[in-house]
Amino acid sequence: MEPVRSLIKNSSSVVTPLLELRGVHKSFGANTVLNGIDLTVHTGEAIAIIGPSGTGKSTILRLICGLIAPDQGEVYINGNLVDTEDIQEDSYGLSIGMVFQNAALFDSLSVAENVGFSLFEHSHLSRREIYRLVEHKLALVGLENICDRYPSELSGGMRKRVSFARAIMDDPTAKTQTKKVLLYDEPTAGLDPVASTIIEDLMRSLREQQVCDSYIVVTHQDSTIRRTADRLLVLYRGSVRYAGNVSTIDTADNPYVRQFFSGSIEGPIQLLTKEV
């Protein structure tokens, strides 16, 4: 099999990727979480990052959206070397939206105030204009006439979709319109199979409607991997152990892939106790 580094980086040889991590390391105290990670994200891609709990998947998302900075390595946006803290400034033609595992809605705010939060805080739009945009984003995720509700009045699946609407909210008056990458952290965790299918279909639909250009999903759920992703990275102990297409996972002879999808306790993956 071709080396992991080569598999990941060869995809960037044709066009400049939207987002690229090169040799990224991250530690928390004595705990090494990421150990030389390479990742490229091109326009139109849907990438799943999988692996056992505690192996650094969510850390990659937090690093990409600028919540933390790498200890070593480089982050590129549209081919430009950037400081991780600048990612959300849109100055490189990329907007990043994050959908957190628990939806992370403000309980004291209405649905409309949650979805339009960034515009209420940072734009010069009127309240009426923001509400119009909120209603449009909610319609895109299949939710209408719920602007005045509060998170406590919504089901788990509805809260997830509200968080999707918030992640895709942009200021239409911005001087430059940027490309958009969405980051999903366990978007179907805790949902029943029907609600999971709704969320999975929504993820695909948003990309097909060009609401976002690409997305990365961290997940443990088999159906979410197969129904939402085209490309797969298997992470274990801070390193990428496999990179390939989702369509080949049932025939891959990689021991990490085989153990993960079979759920076997026999193999190179050993239990980790703390998610990072």
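The values are calculated or read from the model by the stated rules, or taken from the named source; none is laboratory data. The structure presented is a predicted model; accordingly, all values stated were derived computationally and were not measured. In this analysis, Cβ positions are derived from the backbone assuming ideal geometry, glycine residues included, and neighbour counts consider all displayed protein chains.
General observations
- Members of region 172-231 found to be in a strand (DSSP E or B) and not acidic (Asp, Glu), listed by number: 179, 180, 181, 182, 183, 184, 214, 215, 216, 217, 218, 231
- Scoring residue 96 on the criteria (1) at pLDDT below 85; (2) in contact with a Cys (Cβ under 7 Å, 6 or more places away or on another chain) leaves a single failure, condition (1).
- If you go through region 232-255 and pick out every residue that is touching a residue at least 60 places away in the same chain (Cβ under 8 Å) and in a helix (DSSP H, G or I), you end up with 1.
- Any hit, region 23-30, residues being at pLDDT below 85 and either of a type in the set (Val, Ile, Thr) or more than 17 Å from residue 234 (Cβ to Cβ) (or both): no
- Looking across region 89-127 at every residue that is surrounded by 13 or more Cβ atoms within 10 Å (Cβ to Cβ) and among the charged types (D, E, K, R), the one that is farthest from the chain's Cα centre (by Cα) is identified as 113.
- Qualifying positions in region 206-220 - touching a helix residue (DSSP H, G or I) at 6+ places or on another chain (Cβ under 8 Å) and farther than 19 Å from residue 104 by Cβ: 209, 211, 213, 214
- Number of residues in region 133-165 that are hydroxyl-bearing (Ser, Thr, Tyr) and either loosely packed, with under 15 Cβ neighbours inside 10 Å or assigned by TED's automatic domain parsing to the domain that holds residue 196 (or both): the value is 2.
- Scanning region 95-116 for residues that are without any contact (Cβ under 8 Å) to a residue 12 or more places away in the chain and under 11 Å from residue 166 (Cα atoms) yields one hit, 113.
- Unique residue being in the same structural domain as residue 156 (by TED's automatic domain parsing), part of a loop (DSSP other than H, G, I, E, B) and more than 11 Å from residue 164 (Cα to Cα) when the list is 125, 119: 125
- Sole residue being crowded, with 17+ Cβ neighbours inside 10 Å, basic (Lys, Arg) and under 18 Å from the mean Cα position of the chain (by Cα), chosen from 241, 227: 227
- The set of residues in region 43-86 being at pLDDT 95 or above and touching a Leu at 6+ places or on another chain (Cβ under 6 Å) consists of 48, 49.
- Among residues of region 23-73 being in a strand (DSSP E or B) and touching a Phe, Trp or Tyr at 6+ places or on another chain (Cβ under 7 Å), the one that is surrounded by the most Cβ atoms within 10 Å (Cβ to Cβ) is 50.
- Residue count for region 180-207, restricted to those that are more than 15 Å from the chain's Cα centre (by Cα) and charged (D, E, K, R): 2
- All told, residue 19 meets the bar of being of a type outside the set (Asp, Glu), crowded, with 19+ Cβ neighbours inside 10 Å and modelled with pLDDT of 90 or more.
- Every condition in (1) out of contact with any Lys or Arg (no Cβ under 6 Å at 6 or more places or on another chain); (2) part of a loop (DSSP other than H, G, I, E, B) holds for residue 134 except the one numbered (2).
- Here region 170-187 is the region considered, the condition is being closer than 22 Å to residue 92 by Cβ and touching a strand residue (DSSP E or B) at 6+ places or on another chain (Cβ under 8 Å), and the residue that is surrounded by the most Cβ atoms within 10 Å (Cβ to Cβ) is 184.
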